[in-house]
1. Sort B:L96, B:L253 so the one with the fewest other Cβ atoms within 10 Å of its own Cβ comes first.
2. Bin by bin, in steps of 10 Å, what percent of the Cα pairs in region B:126-301 do you find, going until the bin that has the longest distance?
3. When a footprinting reagent is the concern and you count Cβ atoms within 10 Å, what order do B:M292, A:M166 take, fewest first?
4. Quick one: Karplus J couplings for region B:284-297, per residue in order, coefficients 6.51, -1.76, 1.60, θ = phi - 60°, nearest Hz, x for Gly and Pro?
5. Only four residue types carry charge here, +1 at the Cβ of Lys and Arg and -1 at the Cβ of Asp and Glu. Report the dipole size of region A:31-137 about the Cα centre in Debye, rounded to the nearest 20.
6. Distances from A:E41 to the same position in the other copies: list them in nm, one decimal, shortest first, using label points 7 Å from Cα along Cα→Cβ.
7. Could you sort B:29-40, A:125-136, B:218-229 so that the peptide with the highest average Cβ count within 10 Å comes first and the rest follow in order?
8. Would you mind getting me the FRET efficiency between B:Q297 and B:A131? Use the beta-carbon distance for r and R0 = 22 Å, nearest 0.05.
Number of protein chains: 2
Amino acid sequence: MGKRFICLDIGASKILGAVMNEDNEILCRVKKKTSPELGRESVDRKIIKTVHELMSACGMGIKDLKAIGAGAPGIIDTKHAMVRYAPNLPWQNHALGRMMEEEFQAPFVVGNDVNLGVLGEWKFGVARGCANVVGLFVGTGIGGGIIIDGKLFIGSGYAGAEIGHMIINTDGPLCKCGQTGCLEAHASKVAITRELKAGLAGNTPTVLKDVLSEGSGIIKSSDLKKAIRQGDPLAISTFRRAVYYLSVGIGNLINLFNPEMVILGGGVVEALEKEVLELVSENIGRFAWPAMLSQTQIKASQLKDDAVLYGARALISEILGY
Amino acid sequence: MGKRFICLDIGASKILGAVMNEDNEILCRVKKKTSPELGRESVDRKIIKTVHELMSACGMGIKDLKAIGAGAPGIIDTKHAMVRYAPNLPWQNHALGRMMEEEFQAPFVVGNDVNLGVLGEWKFGVARGCANVVGLFVGTGIGGGIIIDGKLFIGSGYAGAEIGHMIINTDGPLCKCGQTGCLEAHASKVAITRELKAGLAGNTPTVLKDVLSEGSGIIKSSDLKKAIRQGDPLAISTFRRAVYYLSVGIGNLINLFNPEMVILGGGVVEALEKEVLELVSENIGRFAWPAMLSQTQIKASQLKDDAVLYGARALISEILGY
């Protein structure tokens with residue numbers, strides 16, 4: 001058996017794990033609920049269990065394991081393989097690396113999950129061969145990552161690339177981060193849900209009435225897609241406005257980073273890829289300078305749900321050299 | 001005589017030149033009006049003449065000249081030492097490097113002037129020792145530069161770091177670039193002048209009445225300073241609003257780049273350094289996340305008018321290795 005890599009995508013709701021061979025093919029997968037409400041030790045045990053299950057599913061022993069890579073949400077100190085702070089997980093200055101290396105006797109690397117999503121696309125997906133890449137993932141919130149000169153940019157304190165909290169409209173709505181007018185407050189699923197509910201409260205008829213009335217949750221990308229494909233006017237106008245603001249954010253990033261590629265991903269983009277790309281392409285000329293826009297391709301994520309897993313594999317390569 | 005470096009700051013209104021020795025001390029200086037209205041050949045001749053005058057002022061021959069470095073406004077192709085496009089100079093795809101190397105038989109490097117201003121501060125000024133730095137220069141417009149991992153960031157097409165044209169307020173005023181709500185349209189001298197004139201038109205009493213009524217020019221930083229220091233309410237409220245928006249821009253950059261230092265420079269900051277730094281410090285907590293802000297120093301430029309000259313020297317070092 002050749003050497004194996006284990007890649008993890010540790011999220012607030014689920015943990016995805018995969019075993020890859022030396023050709024970076026996924027050999028098997030495991031998926032678990034994270035259940036962060038059960039506390040730190042429970043989450044830690046689940047992560048360890050995920051790796052053990054992956055190993056036994058592939059018939060691997062410790063000696064076959066070359067390295068483990070993981071993406072996790074929050075401020076991740078990649079140098080020390082520590083989670084400094086994760087808003088939706090019970091972790092603060094948590095030495096994930098030490099724990100994993102003790103358990104599995106193999107090198108462990110960890111990075112911010114959305115950052116790794118972009119790194120994965122750059123190394124294995126749509127952005128292969130580009131030197132400068134910006135990625136935006138539009139889901140409940142908006143996260144992103146930046147590749148500069150073929151290297152993941154993480155800032156001086158591992159906290160850079162907070163693309164979702166770029167203020168694009170100082171007089172805009174309040175964001176959960178406390179600022180007003182963030183990109184995330186205009187173009188995420190949270191923002192779309194807020195605007196749909198406002199429309200509903202104003203008695204705008206919509207096929208989403210029942211979906212929106214059920215509790216205080218965030219709209220699912222699949223429900224939004226269904227309503228838009230059915231021609232629901234409230235869903236369409238809300239979506240168009242969200243993508244308009246998304247285009248402002250993309251324009252700012254093009255003017256700042258002059259990238260060869262902007263990658264769009266996340267639940268909303270996966271559900272409505274064609275619509276998002278068309279609308280961005282309609283709007284972007286207003287917000288990105290022609291000199292830069294002409295050098296930039298805007299593409300949908302290729303690796304989709306596996307982007308963070310491949311990003312973890314790419315981080316192993318970037319840090320450990322294999 | 002040790003080897004000498006000639007550094008140029010080629011602007012739309014003036015050309016600054018300096019000779020530096022191997023200890024990077026400025027030995028002599030020359031200053032000329034650019035007069036771009038006289039056409040490309042005239043500007044080219046002036047640049048060449050500036051270098052000849054510097055050499056004779058220092059008693060140098062061609063053999064003493066190690067290299068020439070220059071900063072110029074616009075999109076500069078540093079790799080090929082070409083000016084791709086300069087909005088305020090009669091240059092388009094101009095092979096400045098070939099011209100200068102033929103004339104002086106010494107290597108020539110060129111970069112965007114504001115980018116080089118930040119590079120100069122990083123190598124010789126206030127940001128020495130920092131890995132990640134963002135600089136903003138507030139004058140007639142707003143320009144900037146970014147150092148990432150100890151290297152000047154210029155993007156894939158030499159056009160990155162258009163910090164002044166980051167949209168911070170989609171519903172804001174029209175910018176000369178055609179977008180609405182750019183940082184430059186809110187916080188530059190052009191923006192300040194526009195707001196002062198609006199106040200004047202609204203009959204707000206101000207000591208700047210005569211200054212503003214004289215033609216359609218942009219207010220001088222010195223006049224603004226005088227009015228603010230005299231306690232003029234229109235000048236103070238306009239300035240405070242401009243710095244508020246500047247703080248939005250700085251906050252976005254801190255959240256995106258997680259830099260160790262933000263450098264503020266340019267005419268407005270030089271004239272009103274204390275006031276700008278105080279107001280930014282009052283505002284910035286609303287726009288930069290605490291985790292990143294706590295890692296970031298916000299400082300005024302140290303090299304001031306010489307920042308681009310020193311940046312040209314730093315570019316010689318970055319590209320040629322000496």
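1. Numbers: B:L96 22, B:L253 25.
Final ranking by Cβ density, sparse to dense: B:L96, B:L253.
2. The distribution over region B:126-301 is 10, 38, 34, 14, 3, 0, given as percents.
3. Going from least to most buried by this count: B:M292, A:M166.
4. 5, x, 7, 10, 10, 6, x, 4, 8, 4, 5, 9, 10, 8
5. 140
6. Distances between equivalent label points, in nm: 8.5.
7. By packing density, highest mean first, the sequence is A:125-136, B:218-229, B:29-40.
8. The computed FRET efficiency comes out at 0.95.
Values in this text are rule-based calculations from the coordinates and carry no lab data. Predicted model only: the values in this text are computed from it and were never measured. Here the Cβ is made from the backbone with ideal geometry for all residues, glycine too, and neighbour counts use every protein chain on show.
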